[in-house]
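Participant: Here's a structure for you.
The values are calculated or read from the model by the stated rules, or taken from the named source; none is laboratory data. As the structure is a prediction and not an experimental result, all values here were calculated from the model. Cβ sites come from the backbone with ideal geometry, for glycine too, and all protein chains shown count toward neighbours.
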Amino acid sequence: MYSAERQFVTTAHGQLRLMEQDTALPHQIFEDAVCQIKTAASAVKARAIYRAALLCEDVLKRCENVAHVNFQTSLRRLKNLVELYADGLYEIDPSYLVVEASSAHPKINQDGLKKPALEKLDKTRPSKIKTENETAVSVLKPLMHFVKDKKQAGALYFLAGIDSQLDKAELPQASNQPSSVRFDNLMRRITNYTLREARALAKNISISYAADFEKIDTSISSNLEKYLQSICLEIIRNGLVINGDLAASINRTWQISLSGETQGDKLHITLSWQGQQLLDFGKSSKNKETLQSLNGKIKVRIIDGKQRKLDGHILELLCPARKPENINCAQANALQTQAREA
């Protein structure tokens with residue numbers, strides 16, 4: 001396993017040792033050594049090392065001697081990349097033992113390239129790597145269920161040495177506690193989207209919000225965000241106007257206020273504004289479907305206004321704080337009937 005990668009690391013280490021031991025060797029020997037590393041890197045698709053070797057080759061051709069600072073700098077970069085590659089190989093293939101060169105000067109073969117002499121194997125490194133791998137797996141296993149992407153999960157299973165089919169039952173399962181999103185984050189997205197729409201319509205608006213809860217259950221957060229956003233957009237487009245006075249509608253600074261509170265196991269959210277009533281809101285099929293998915297109800301109230309004959313309007317949304325896990329057929333039919341009647 002990993003035979004090509006092993007061959008590449010062995011070749012790269014051998015050629016790097018050769019270039020580091022004697023700068024008095026002929027120029028051609030260094031060129032051949034860099035070329036061998038470049039060819040070996042290309043075979044295993046080690047692109048960064050290939051590019052570094054290509055740079056070394058280019059710098060070497062423009063230097064008078066191999067001791068030149070530019071070539072030595074590029075050579076150090078190449079060596080660092082090879083060491084990073086080798087460390088990765090040792091982690092996924094601990095049985096691979098590094099053969100170190102002896103301190104004696106290696107002999108030059110018939111091709112003019114030096115061969116590193118073999119010395120004793122480093123017996124301590126594999127056991128150290130094995131211990132580190134076991135520690136990494138013990139840390140990785142409890143976190144595996146958080147990975148939603150199948151490709152990333154497969155890669156992590158492989159790196160951890162876990163059979164994704166056989167050992168999946170051994171992994172800790174996600175908690176049954178409902179996850180949630182912050183209400184501030186949800187409202188920030190709604191506010192940003194609404195303000196962009198207001199700028200496009202040349203309307204000056206201000207949005208404020210407050211709630212006695214900090215988080216929204218994820219089972220309803222997406223649909224709740226969608227529904228509140230549709231209400232705010234409808235208010236911007238059709239609610240913030242003064243009939244018969246377009247200039248006043250544009251020059252006025254409008255205010256939209258949103259407040260939320262918990263009522264037992266339900267959320268009560270109120271939106272208020274001064275302007276016109278939303279006559280057609282809630283009649284579109286999308287809004288009906290979203291309201292049905294929330295199992296919610298809406299109520300509209302009007303507060304008589306005295307300024308420029310602008311009434312204050314209040315829209316109330318009441319929905320469960322969490323979507324029921326199981327809804328039987330009778331409940332589903334009842335929800336559909338409510339949506340049709342709304």
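Participant: Return the pair list, or none, for Cβ contacts closer than 6 Å from residues in the stretch 203-224 that are under 30 Å from residue 251 (Cβ atoms) to residues that are assigned to a strand (DSSP E or B), at least 6 apart or on different chains.
Facilitator: That search, which allows pairs on different chains as well, returns 204/253; 205/254; 206/255; 207/256; 208/257; 209/258; 210/259.
Participant: Go through the stretch 226-265 and give me each residue that's in a strand (DSSP E or B) and buried (at least 17 other Cβ atoms within 10 Å of the Cβ).
Facilitator: Matches in the stretch 226-265: 254, 256, 258, 260.
Participant: Here's a check for you: in the stretch 249-267, which residue that is in contact with a Phe, Trp or Tyr (Cβ under 9 Å, 6 or more places away or on another chain) and without any contact (Cβ under 8 Å) to a residue 60 or more places away in the chain is nearest to residue 199 (Cα to Cα)?
Facilitator: 254
Participant: OK, next. Hey, could you check the stretch 18-35 for residues that are assigned to a helix (DSSP H, G or I) and either in contact (Cβ under 8 Å) with a residue 60 or more places away in the chain or more than 44 Å from the chain's Cα centre (by Cα) (or both) and say which is surrounded by the most Cβ atoms within 10 Å (Cβ to Cβ)?
Facilitator: Applying the filter and picking the extreme gives 33.
Participant: Here is a follow-up. Can you name the condition, by its number, that residue 56 falls short on among (1) assigned to a helix (DSSP H, G or I); (2) closer than 30 Å to residue 158 by Cβ?
Facilitator: Of (1) assigned to a helix (DSSP H, G or I); (2) closer than 30 Å to residue 158 by Cβ, only one is false for residue 56: (2).
Participant: Determine whether residue 191 is of a type in the set (Val, Ile, Thr), surrounded by fewer than 15 Cβ atoms within 10 Å (Cβ to Cβ) and either modelled with pLDDT of 90 or more or more than 16 Å from residue 271 (Cβ to Cβ) (or both).
Facilitator: no
Participant: A further question follows. If we keep just the residues of the stretch 270-302 that are assigned to a strand (DSSP E or B) and of a type in the set (Val, Ile, Thr), which is surrounded by the fewest Cβ atoms within 10 Å (Cβ to Cβ)? Before the answer, list the steps.
Facilitator: The first filter runs over the stretch 270-302 and keeps only residues assigned to a strand (DSSP E or B), leaving 270-275, 297-302.
Then keep just the ones that are of a type in the set (Val, Ile, Thr); that gives 270, 298, 300, 302.
Details: 270: 16, 298: 19, 300: 14, 302: 10.
Going through the qualifying residues, I end up with 302.
Participant: Could you pull out the residue among 66, 82 that is modelled with pLDDT under 90 and hydrophobic (A, V, I, L, M, F, W, C)?
Facilitator: 66
Participant: Which numbered condition in (1) in contact with a Ser or Thr (Cβ under 6 Å, 6 or more places away or on another chain); (2) at pLDDT below 90; (3) not in a loop (DSSP other than H, G, I, E, B) is the only one that residue 75 fails?
Facilitator: Tallying (1) in contact with a Ser or Thr (Cβ under 6 Å, 6 or more places away or on another chain); (2) at pLDDT below 90; (3) not in a loop (DSSP other than H, G, I, E, B), residue 75 fails exactly one: (1).
Participant: In the stretch 1-56, what residues are basic (Lys, Arg) and over 22 Å from residue 90 (Cβ atoms)?
Facilitator: Pass one, the stretch 1-56, residues basic (Lys, Arg): 6, 17, 38, 45, 47, 51.
Result: 38, 51.
Participant: Considering only the stretch 196-223, how many residues are over 18 Å from residue 272 (Cβ atoms) and either aliphatic (A, V, I, L, M) or assigned to a helix (DSSP H, G or I) (or both)?
Facilitator: The qualifying residues number 13.
Participant: Between residues in the stretch 66-77 that are farther than 17 Å from residue 31 by Cβ and residues that are among the small types (Gly, Ala, Ser), which pairs lie under 6 Å by C-beta distance while being six or more apart or on different chains?
Facilitator: 77/52
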